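Encoded as structure tokens, the structure appears first; notes follow it.
The values are calculated or read from the model by the stated rules, or taken from the named source; none is laboratory data. It should be emphasised that the depicted structure is a prediction, and the values quoted were computed from it without experimental measurement. For neighbour counting, all protein chains shown are included, and Cβ atoms are generated from backbone atoms with ideal geometry for every residue, glycine included. For accessibility, only protein heavy atoms count, side chains too; no ligands or nucleic acids. Shrake-Rupley method; radii C 1.70, N 1.55, O 1.52, S 1.80 Å.
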Amino acid sequence: MYDWEVGVGLRLCVILLLPLLGRTLDAHAQRSGEPDRFTRLDSTLLERTHCFGPCPAYRVLLTFGGLIRFWSEDASGAPTASDSVAPRLFMNVENDSMVAAVLALPDNIHGSSMCGRSVTDAPYARLTLFTNHGTKRIVDYQGCLGAPPVLRRFELLVDSVTRVDRWTHKP
């Protein structure tokens, strides 16, 4: 067996086993009667829409195991690109205080007092967080001038960790 085959095999084992470990720990906590006080991020989906300008539209999924799935603006069905990152990079996205702050935000920024003044013709970013306690989806109109900085930083962090710029074409 070649070294690269071993590396690929180990990476696949890590990607497949890490989510199972988390579920095993959850099951143990439930059996022991101990409440699960911590919110753990399992995966995140970031969707960016078209605008009336040069805005790339795409969806990118990042999982706990480091799996990345990317869909371009014109794609339907299967991902147009796939990759993976070291699971430790997902931990950058799973920053506890940042996730807690994002989970506390309203479901629609544009429809809340957090938007402040807004400009027209901007795209939307839809962020979906899948946690051990359920799903949270936030619609963020990018034209909201008063949008919470923690939300915009989180969206940029997902873009950065997944390196979406390699699949998007900026004019």
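Data for the structure
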| read-out | value |
| --- | --- |
| Pairs with Cβ under 6 Å, 6+ apart, first in the stretch 100-116 and more than 17 Å from THR39 (Cβ to Cβ), second aliphatic (A, V, I, L, M) and open to solvent by 50 Å² or more (accessible area, probe 1.4 Å) | GLY116/LEU145 |
| Selection count, the stretch 68-85, where residues are more than 16 Å from LEU129 (Cα to Cα), open to solvent by 40 Å² or more (accessible area, probe 1.4 Å) and modelled with pLDDT of 90 or more | 2 |
| Residues of the stretch 57-66 satisfying the condition of being within 20 Å of ALA122 (Cα to Cα) and open to solvent by less than 30 Å² (accessible area, probe 1.4 Å) | ALA57, TYR58, VAL60 |
| Test for LEU127: is it modelled with pLDDT of 95 or more and under 14 Å from the mean Cα position of the chain (by Cα) | yes |
| Test for THR128: is it surrounded by fewer than 17 Cβ atoms within 10 Å (Cβ to Cβ) and within 13 Å of LEU45 (Cα to Cα) | yes |
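Residues are listed down the side, and each one gets a yes or a no for (1) modelled with pLDDT of 95 or more; (2) open to solvent by 50 Å² or more (accessible area, probe 1.4 Å); (3) under 15 Å from the mean Cα position of the chain (by Cα); (4) among the basic types (Lys, Arg):
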| site | (1), (2), (3), (4) |
| --- | --- |
| SER97 | no, yes, no, no |
| LEU105 | yes, no, no, no |
| ARG152 | yes, yes, yes, yes |
| LEU157 | no, no, yes, no |
| VAL164 | no, no, yes, no |
